[in-house]
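Input: a single structure, listed below in structure tokens.
The values are calculated or read from the model by the stated rules, or taken from the named source; none is laboratory data. Note that the coordinates shown come from a computational prediction; the quantities given were computed from them, not determined experimentally. Counting neighbours? That spans all protein chains shown, and the Cβs are built from the backbone with ideal geometry, glycine included.
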Amino acid sequence: MKRYFFILIISFAACSDGFNYETLVTYKAKKSNLTANLIASGHILNGHDLDENGIVNGYIVSTAFSDTLFIQSTEYNLLVFTNKKDSINLHSANIKNYLDQLHYEKYNTDEITELEKVIKATAYGPKGTYVQGQTEFLEVVDVDFVFN
């Protein structure tokens, strides 16, 4: 009987298809005077390290301009918009171009390039998220991982 019970427990454990996660992270681009607040969520399959279908939602704010830049991203595409009616697909453009449209010229190109990179990487889940010591130009203000 013990043997059957043990097999039953192993069977249930093997049936689990992975885990859900939520990542909350804040990056600061000091020279550009920008703060990015991101929330990534998704599901990582058993035996995988990264989520290939994760999504990032968040926003970029600054005391230098009044608009809030809202972000939606996967590991491949990045959308940035100031409100629900206005959206620009940045798959072929970038955040720098969007800031230029806002006539905001006080940004550091290295920080913006790295910001785009870390936003897309966050969509891969906790192992894709840049933490303290992994960024060259951005400050990692806060990172919180929630698993369920």
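Examine the stretch 71-78 for a residue that is in a helix (DSSP H, G or I), in contact with a strand residue (DSSP E or B) (Cβ under 8 Å, 6 or more places away or on another chain) and modelled with pLDDT of 80 or more, and state whether such a residue exists.
At the first step, the residues of the stretch 71-78 found to be in a helix (DSSP H, G or I) are none.
No: zero hits.
Among the residues of the stretch 136-148, which ones are buried (at least 17 other Cβ atoms within 10 Å of the Cβ) and either under 15 Å from residue 38 (Cβ atoms) or within 12 Å of the chain's Cα centre (by Cα) (or both)? I'd like the intermediate steps shown before the answer.
Step one: of the stretch 136-148, the residues buried (at least 17 other Cβ atoms within 10 Å of the Cβ) are 137-138, 140, 143.
Hits for the stretch 136-148 are 138, 140, 143.
Of all residues in the stretch 111-134, how many are of a type in the set (S, T, N, Q) and surrounded by fewer than 17 Cβ atoms within 10 Å (Cβ to Cβ)? Outline the logic, then answer.
Start the filter on the stretch 111-134 by keeping residues that are of a type in the set (S, T, N, Q), which leaves 113, 122, 129, 132, 134.
The next check asks that each one be surrounded by fewer than 17 Cβ atoms within 10 Å (Cβ to Cβ); those that pass are 113, 132, 134.
Counting residues in the stretch 111-134 that are of a type in the set (S, T, N, Q) and surrounded by fewer than 17 Cβ atoms within 10 Å (Cβ to Cβ) gives 3.
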Exercise for the section: Specify which of the listed residues (107, 130) is of a type in the set (Phe, Trp, Tyr), modelled with pLDDT of 85 or more and within 16 Å of residue 32 (Cα to Cα). Expected result: 107
Exercise for the section: Run down 37, 20 and say which single residue is of a type in the set (S, T, N, Q), over 17 Å from residue 135 (Cβ atoms), modelled with pLDDT of 95 or more and under 16 Å from the mean Cα position of the chain (by Cα). Expected result: 20
Problem - Residues of the stretch 104-148 classified as part of a loop (DSSP other than H, G, I, E, B) and either closer than 22 Å to residue 67 by Cβ or among the hydrophobic types (A, V, I, L, M, F, W, C) (or both), total - result: 9
Handout entry: Residue pairs meeting the criteria (Cβ under 7 Å; at least 6 apart or on separate chains; first of a type in the set (Lys, Arg), in the stretch 104-123; second surrounded by fewer than 17 Cβ atoms within 10 Å (Cβ to Cβ) and at pLDDT below 95)
Key = 106/64
Fill in the blank from the handout: With the first residue restricted to the stretch 26-42 and required to be closer than 10 Å to residue 108 by Cα and crowded, with 17+ Cβ neighbours inside 10 Å, and the second required to be at pLDDT 95 or above and among the acidic types (Asp, Glu), Cβ contacts under 6 Å at 6 or more apart or on different chains are 29/111; 32/111
